Amino acid sequence: MKKIALGIIIVVLACQLQNNAFATSKDILITAPWNSNYNTIKVAIINEAGLTEDKISVVKRAIDSEVSYSKDGHTYFEGWTAALQSIDPTKNIEKFKILEYDSENNVNADITIKLLTTQDPNYSGFTKPIIVEDKMKQASIRIFDSNNITTVQLENLVRHEFGHALGLGHSTDQSSIMYDLIESEPKLITACDLSGLKGLSEGHVFTFEKCNQA
């Protein structure tokens, strides 16, 4: 079963490991865009790979789907909109505002997703947060070889990297979308990931999520 290498880079510190591409700094306080004083998160999809509209709809679904599933006493979320809304249903969290571009020209967004044809020897995707005054203000996501991976892999990758863009680290729970290896099967947002989001809202720093879903 094929597995996808995932990565996240903060500032200039990077871990170049095929199976655990993760690095962070304990001195950086993460203030994710969704936890700011505004409700709309601007997301730019830069379709350099020229993916079809069907593939772009998959990218969007991983971000703003409001669909959730219940199985064996657990709830799973298809998109980050549903996950954020579940944390505090009383909070007016609007849908992500997603715009499509062919290039980086004149792009102004909180989170940018670049769909690339180029390959990387270490990563299938990585996220680079933009740090201002020791706080995370924006994030840039890159999905490599996006025109050759399957629809499921693309959706899993975007869902995983978007979790990083919201401020989450990797999870110790293998069922979590934030686990550092993604297999070629559909993978959704879990209670472990919600725990990480709640921690960020309480001022926790970017770190590994240590939880297991029984």
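Throughout, read-outs are computed from the coordinates displayed, never taken from laboratory work. Since we're looking at a predicted model, the values are computed, not measured. Note: ideal-geometry Cβ built from the backbone for every residue, glycine included; neighbour counts use all protein chains shown.
With each pseudo-label sitting 7 Å past Cα toward Cβ, what's the residue 174-residue 99 distance in nm, one decimal?
4.3
Going by how many other beta carbons lie within 10 Å of each one, how would you line up 187, 60, 135, fewest first?
135, 60, 187
Counting only other residues whose beta carbon sits under 13 Å from that of residue 100, what net charge do I get with K and R as +1, D and E as -1?
+1
Sort 78, 161 by Cβ crowding within 10 Å, fewest neighbours at the top. Intermediate results must be reported in sequence, preceding the final value.
On the way: 78 21, 161 28.
Ranked by crowding around the Cβ, least crowded first: 78, 161.
Which length gain, in nm to one decimal place, applies between residue 120 and residue 61 when the Cα-Cα distance is subtracted from 0.36 nm times their residue separation? Don't skip to the end; give the middle numbers.
On the way: separation 59, 0.36 × 59 = 21.24 nm, distance 2.49 nm.
My answer for the length gained is 18.8 nm.
Just the number, please: Stokes-Einstein D of segment 103-198 in µm²/s, Kirkwood Rh from C-alpha pairs, 10 °C, 1.306 mPa s. Provide the component values of the computation, followed by the final result.
On the way: Rh = 14.1 Å.
Using the Kirkwood radius from Cα pairs, D works out to 113 µm²/s.
Exposure proxy check: 180, 120, 72 ranked by fewest other beta carbons within 10 Å?
With the fewest neighbours first, 180, 120, 72 line up as 72, 120, 180.
For each pair in 42/137; 42/71; 55/128, compute the distance between the two Cα atoms and list the pairs where it is over 20 Å.
Table pairs above 20 Å Cα-Cα are 42/71; 55/128.
What's the local net charge at residue 160, with K and R +1, D and E -1, over the other residues with C-beta under 11 Å away? Present the calculation step by step, with values, prior to reporting the outcome.
On the way: positive: 159, 187; negative: 155, 161, 180, 193.
Here the charged neighbours net out to -2.
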